[in-house]
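The values are calculated or read from the model by the stated rules, or taken from the named source; none is laboratory data. Keep in mind it's a predicted model, so treat the numbers as computed, not measured. Don't worry about glycine lacking a Cβ; one is built from the backbone with ideal geometry, like all the others, and counts go over all protein chains shown.
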Amino acid sequence: MRAGDLGARCRTARRCAAALAAAAGLGAAGLAPATVKTYRAPPDTVRLTPSPLPGYAKAQAHCTACHSAEYMQYQPPDATRAYWRAMVQRMKTVFHAPIDEADMPDIVDYLAATYGNRQGR
Ligand code: HEC
């Protein structure tokens with residue numbers, strides 16, 4: 001920026017002060033590495049939560065081939081059985097997860113009881 005540019009925009013002392021303050025603010029933001037942000041990537045070794053339900057083994061067999069069980073943990077804890085059913089269905093139709101229709105109910109029961117609104121029931 002040429003010196004004349006700033007001068008053209010702030011003809012009064014007040015406007016100059018504002019322009020300088022804004023410039024200083026920008027500069028400070030640009031140069032502010034004072035706090036170092038660290039982000040620890042979640043381990044991709046999260047396992048499905050154990051359960052005595054028959055769906056546990058089936059989910060182990062069918063739900064962690066493509067991604068870790070962490071995906072389950074990030075679903076809303078009040079998610080209904082219908083929500084989980086739709087989720088499993090989506091894995092099947094969209095991502096072609098090889099899940100037998102016969103195994104669906106057990107898997108969905110397990111998911112709703114372990115990660116959804118049937119927890120503790
Ligand atoms: C064939 C591979 C595959 C299998 C098997 C699979 N998934 Fe997924 N799943 C994916 C992919 C790919 C995504 C990421 C979708 C995205 O990023 O939008 C995903 C995402 C998810 C998510 C995150 C929420 C979302 O909507 O993206 C959940 C929860 C989930 N899967 C649950 C399951 C469950 C439960 C099973 C077993 C019934 C399963 N997955 C089996 C491929 C698979």
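Per-residue answers, yes or no, for (1) of a type in the set (Gly, Ala, Ser); (2) in a helix (DSSP H, G or I); (3) closer than 30 Å to residue 120 by Cβ; (4) at pLDDT below 95:
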{"position": "16", "(1), (2), (3), (4)": "no, yes, no, yes"}
{"position": "26", "(1), (2), (3), (4)": "no, yes, no, yes"}
{"position": "36", "(1), (2), (3), (4)": "no, no, no, yes"}
{"position": "40", "(1), (2), (3), (4)": "no, no, yes, yes"}
{"position": "50", "(1), (2), (3), (4)": "no, no, yes, no"}
{"position": "106", "(1), (2), (3), (4)": "no, yes, yes, no"}
Among the residues of segment 51-63, write down those that are buried (at least 17 other Cβ atoms within 10 Å of the Cβ) and near the ligand (Cβ under 10 Å from one of its atoms).
55, 58, 59, 62, 63
Given the conditions (1) under 20 Å from residue 121 (Cβ atoms); (2) under 17 Å from the mean Cα position of the chain (by Cα); (3) surrounded by fewer than 10 Cβ atoms within 10 Å (Cβ to Cβ), every one holds for residue 87 apart from (3)
Hey, among 112, 97, 79, which residue is in a helix (DSSP H, G or I) and either buried (at least 18 other Cβ atoms within 10 Å of the Cβ) or at pLDDT 95 or above (or both)?
112
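Do we find that residue 47 is of a type in the set (Lys, Arg) and exposed (fewer than 11 other Cβ atoms within 10 Å of the Cβ) in this structure? Walk me through it before giving the result.
On the way: of a type in the set (Lys, Arg): yes; exposed (fewer than 11 other Cβ atoms within 10 Å of the Cβ): yes.
For residue 47, the condition - of a type in the set (Lys, Arg) and exposed (fewer than 11 other Cβ atoms within 10 Å of the Cβ) - is met.
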All positions within segment 89-121 that are within 12 Å of residue 63 (Cα to Cα) and aromatic (Phe, Trp, Tyr)
95, 110
